[in-house]
Amino acid sequence: MKSQSASLVRASISFPQEIYQSLERLAKQKKVSLAWVVREASERYVAEETAEGGEVRKKEGRGTAKTPRRTP
């Protein structure tokens, strides 16, 4: 039987300090790791954003990223 870690990919990501502190607080309240909270949130986000056919739905104006959008 394969271990769960064999199917995982490691990623390094950065969060605004406020988000990171909220994630730490949630993890502590739930008595799980911060990585578990991020994985759970990511899985929910992907499920929400993925249409039945497996394609990502396009939505404008979501998220809080401070990356400038390209204009045509």
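The values are calculated or read from the model by the stated rules, or taken from the named source; none is laboratory data. Keep in mind it's a predicted model, so treat the numbers as computed, not measured. Virtual Cβ from ideal backbone geometry, glycine too; neighbours counted across all protein chains shown.
With respect to being of a type in the set (S, T, N, Q), in a helix (DSSP H, G or I) and either surrounded by 11 or more Cβ atoms within 10 Å (Cβ to Cβ) or at pLDDT below 85 (or both), Gln21 fits the description.
Within the stretch 29-43, the set of residues being assigned to a helix (DSSP H, G or I), loosely packed, with under 12 Cβ neighbours inside 10 Å and over 8 Å from the mean Cα position of the chain (by Cα) comprises Gln29, Lys30.
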